[in-house]
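See below for the structure under consideration.
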Amino acid sequence: MKSIIITNFKPILVGKLIDQQKLNQYTKFLYHHFQTKPSLVGSGEDEIIDESNSFEVISDQVDKYSVPAENINKRQVLIFEDVEHFIENEMDETLPSDYQFPSSLVSARRDSFGPKIGTRMQWFKEKMGYVFDEFYSTTNSAPENLVHVTCSGYSSPSVAQEAVINRNWGTTQVTHSYQMGCYGAFPAIRTASHLISGSRNHGRVDVVHTELLSAHLNLTEFSVANTMICSLFGDGFIGYSLYEEDTFMNDDSIEDKKGLRILASHEVIIPDSLDDMSWEIGEYNFLMTLSKRVPVFIRKNIKSFLTTLCAKVDVDLDEEKSDMHFAIHPGGPKIIDYVVDAVGISKEQARWSYEILLQLGNMSSATVPHIFNEIINDSNIASGTKIVAMAFGPGLTATGLLLEKI
């Protein structure tokens, strides 16, 4: 198989980053608003909190179960763009009884639970073209293939197809890599690698992630699990490119020869875990379930999983792990800790996993590519360093890549 390089990472901000502490506080206002309306029954295992609770009780529950600012400093939450002024300038002086629910979150039919899924998908379609505009703002060359990754929005023709059509790229083939959640970058990278290997032209493959996760904030289900979910996920957008290595090295138009060489990949569905993580289509938004067993599954299986990944190219994980860096998808603050402890490495070896979570939150499939971008540009991580990357998603699926920084 041809040697493949991942490079040209370009994180994209569509909106402003908002302080986590303020987001958690604003969530209390939204929860309080919905407690005066009929409650949607959640599908998770957690007990739904009594909808008649006072603002003080709601505040205590959010403070207890939300991800704190010490783990996530800021997040991009585009659904709150229209209320940014309130969050920044008015919230601290506003009584819950005086709070005005934002018109941007009101259904055209005045539905009690806000806009339904069709309206939210329209938000996605209207906003996501900007991501492609930004990624391609510095290049006019068409990729041979474009892979679009998302678990948060759908339209047909897709925003990726529209991006190709708008640029008159008649030879670019579009592949959609959808509905895989947090591990979505890994199948997309495998797909891109095989597209290159099967190409006579060794053409470039671009991968673009559009995760508008805030479109799915479920603020009617005031459960422990949903409170945590509402405080964990941020919108995330990033693009990058894959090349056959000889083509990459011999292309004089690519001045910065930084990237990651793919050495091996591995993926398994953990037995007896199908019901422990899900991402389903609901009437109003996508509904996530995340059981308390997920961290246990990860801690129990991750060492053997990564050992198998490395062994595919005769790398002994135990012998070489002290010299490696680890790109761990931060499914939550504790997930990184569990992997670090189970594998027997230092937190410093996974520092960019902690840092990206702190800076941007969990951006689903876009998160690990953000970590890759930081690793590539970190001068303290030398060329030749092996990078072990991993993520987890519905299934319960564990997926990984062994990479080498060039």
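Readers should treat all values here as calculations from the given coordinates under stated rules, not as data from a laboratory. Everything numeric here is computed off the predicted structure, so don't read it as measured data. Backbone-built Cβ (ideal geometry, glycine too); neighbour counts: all protein chains shown.
The figures follow:
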{"quantity": "Long-range tail of P(r) for region 260-405 (Cα pairs > 20 Å, %)", "calculated": "46 percent"}
{"quantity": "Nearest-0.05 FRET efficiency for Glu56 and Gln179, computed from C-beta distance (R0 56 Å)", "calculated": "0.90"}
{"quantity": "As computed over region 173-233, the Cα convex hull volume per residue (Å³)", "calculated": "88 Å³"}
{"quantity": "Over the chain, equivalent-ellipsoid semi-axes from the Cα gyration tensor in Å", "calculated": "36, 25, 18"}
{"quantity": "Label-point gap, in nm, between Thr247 and Lys303 - each point 7 angstrom along Cα→Cβ", "calculated": "4.2 nm"}
{"quantity": "Cross-link pairs beyond the 26 Å C-alpha cut-off, checked among Lys300/Lys347; Lys64/Lys321; Lys22/Lys127", "calculated": "Lys64/Lys321"}
{"quantity": "Dimensionless Rg over Rh [region 215-343; C-alpha; Kirkwood]", "calculated": "1.05"}
{"quantity": "Cβ charges +1 (Lys, Arg) and -1 (Asp, Glu), total dipole of the chain, debye", "calculated": "800 debye"}
{"quantity": "Exposure proxy order (Cβ contacts within 10 Å, fewest to most) of Trp352, Trp279", "calculated": "Trp279, Trp352"}
{"quantity": "Taking the chain and dividing mean pair separation by its residue count, relative contact order in percent (alpha carbons under 8 Å, at least six apart)", "calculated": "24 percent"}
